[in-house]
1. With a cap of 14 neighbouring Cβ atoms within 10 Å, and only residues DSSP puts in a loop, list the trypsin sites (Lys or Arg not before Pro) found in the stretch 68-158.
2. Between [x] 134; [y] 163; [z] 146, which matches volume of the Cα convex hull per residue in Å³ calculated for the structure shown?
3. For the stretch 12-85 and the stretch 94-171, write down the distance between their C-alpha centroids in whole Å.
4. Name the most mobile residue of Y68, Y103, Y77, meaning the one with the largest mean-square fluctuation, in a Gaussian network model of the chain with Cα contacts below 10 Å.
5. Could you work out how far apart the two model spin labels at V113 and F214 are, taking each label as a point 7 Å from the Cα in the direction of the beta carbon, and quote it in nm?
6. Taking amide H positions as placed in the peptide plane 1.01 Å from N, state which residues far from L15 in sequence (5 or more) or on other chains have amide H under 5 Å from it.
7. Let me make sure I get this right: for the stretch 77-203, a, b and c are the square roots of the gyration tensor eigenvalues over alpha carbons, sorted descending. Under 1.5 in a/c it's rounded, otherwise prolate if a/b > b/c, else oblate. Which is it?
8. Report the gain in length on full extension from E60 to R146: 0.36 nm times residue separation, minus Cα-Cα distance, nm rounded to one decimal.
Amino acid sequence: MCLSDGRLAFGQTQLRTESWWGLMTSGQIASRWSLWMDAHYVPQLFLIGRSGLTYHTKDENFNFTVGYAGLYLTTPYSEGRLVRPERRPWGQVIFRLPSNEDYGVSFRFRYDVRFRANHDHEKITGGFGLNQRFRVNSSIRYNLGRSERLKAAMSASMVNETLVSTGPAAVDVPLEHRVFLLLGAQRRTATFSPGYHLRLQNTLEGQIRAIHGFVLWVNFNYRFRDFRRHLLEEYPADKL
């Protein structure tokens, strides 16, 4: 069955397409500290700007980040316009398994505190509702070698993430799982990561949504000065 907006629905299952665009930056400010700034945009769904401060342990097995994000979201009545503001304090920890130069494996836990503007069937109303979201992420990154044609270090990555949302405010999507398949091309401090993503959602009404499409992330790592003793490791999947 084809819905009026082009989506496909099969019983309680809905199939949709989308694109995901991201720009991420990380700036080293001390031997074990870095600043985090990123932005993600999914047309007719959300726009987010996020900041954070990250501490890296000496062996790089762990890093810890706290930060704040501002978003604009769509609503059921706004026809894809991003009219619903959200304020989001957040924190995360990443654990990297010891690995060689060929591959890297990491695990991440993130906690989001989501203050989303209340709305009715026609407009944004006063006040904000509080949701909590728990995110567990695993990623594997394999180095493919250097491409002389592109003059870039090539890699392939797969990311799996499960998101669980709770109240006290009403939750539209209690459970979501995301899969990202990315090809990376690193030139100096920039990494370009085109690929494919799939999001599986279980809605409050019991409907299953499968949402998929193209993804492109661009990541910049930079330093405010030359820290010869310790160069921090950060990857695009860290900033999903």
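The values are calculated or read from the model by the stated rules, or taken from the named source; none is laboratory data. Since this is a predicted model, take the numbers as computed values, not measurements. When we count neighbours, we look across all protein chains shown, and the Cβ atoms used for this are built from the backbone with ideal geometry, even at glycine. Heavy atoms of the whole protein, side chains included, go into the accessibility calculation; ligands, DNA and RNA do not. Shrake-Rupley method; radii C 1.70, N 1.55, O 1.52, S 1.80 Å.
1. Values: sites: R81, R87, R96, R108, R110, R114, R116, K123, R133, R135, R141, R146, R149, K151; in loops: R81, K123, R149, K151.
Filter output for the stretch 68-158: R81, K123, R149, K151.
2. Checking each listed value against the structure points to [x].
3. 8 Å
4. Among Y68, Y103, Y77, the largest mean-square fluctuation in the Gaussian network model of the chain belongs to Y77.
5. Result for the modelled spin labels: 3.9 nm.
6. L8, A9, F10, A210
7. Prolate shape, in that a/c is at least 1.5 and a/b is the bigger ratio.
8. Values: separation 86, 0.36 × 86 = 30.96 nm, distance 2.40 nm.
Taking E60 through R146 to full extension adds about 28.6 nm, to one decimal.
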